[in-house]
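In what follows, a single structure is set out as structure tokens and then discussed.
The values are calculated or read from the model by the stated rules, or taken from the named source; none is laboratory data. Source: prediction; values computed, not measured. Neighbour counts are summed over all protein chains in view; Cβ atoms, including those assigned to glycine, are modelled from backbone coordinates with ideal geometry. Heads up: the accessible areas ignore ligands, DNA and RNA and are worked out on the full protein's heavy atoms, side chains in. Shrake-Rupley method; radii C 1.70, N 1.55, O 1.52, S 1.80 Å.
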Amino acid sequence: QRRTAIFVGAGVSAGATTVAGERMKAWPDFLTEAAQSLEDKKLKKHAIELIKSQDYLMACEMISRGLGVEPWRKILTAEYNQRGSPSELHKLLMKLNQRLVLTTNFDLYLETAWNEVNTTETHYPHVIRSISEDSFQAFRDSENYIFKVHGSIDQIDTVIFTKKDY
């Protein structure tokens, strides 16, 4: 009856395949590769130690600060703005056709899956890329929404990925 909100986490996007035939990297692999771009050897070593101890949030913060704003954005975009095919799980979740979908994923596979499976819908869902007072309109109407609670890679300023961002 479209009264349920679906929450989609990172595990769903792990099954998506990029145009290059690869899977997007999960935090440990993404951060390990990003750490290799650090010029400061001491910072690089510390970041890798944090990754090994699974303190991904702090490692992410160190790497982003160590690289600087533009190189960090370039690395994020290179990985998470890749085109490709949504996973079957993406598609199954979107076939449920619930009004409210919330996700921490900032890639674009959920929107792509929604478009692929909801072919009879006459309008695209509202994609909320950052939460504000206006976001709560979703609870007062009957429209479709995708809430990207950690932002969206297509609007990189909305992405929440580091400790500071949180």
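Quick look at the values:
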read-out	value
Three-way shape call for segment 62-166 based on the alpha-carbon gyration tensor, with the a/c threshold at 1.5	oblate
The chain - percent of accessible surface contributed by carbon and sulfur, probe 1.4 Å	51
Over 32 Å between alpha carbons, listed pairs LYS52/LYS74; LYS44/LYS91; LYS52/LYS148; LYS25/LYS95; LYS45/LYS164	LYS44/LYS91
DSSP-loop trypsin sites (Lys or Arg not before Pro) across segment 107-166, with at most 15 other Cβ within 10 angstrom	ARG140, LYS163, LYS164
Charged-residue dipole, Cβ positions (Lys, Arg, Asp, Glu), the chain about Cα centre, Debye nearest 20	320
Solvent exposure of the chain as accessible area per residue, Å², 1.4 Å probe	59
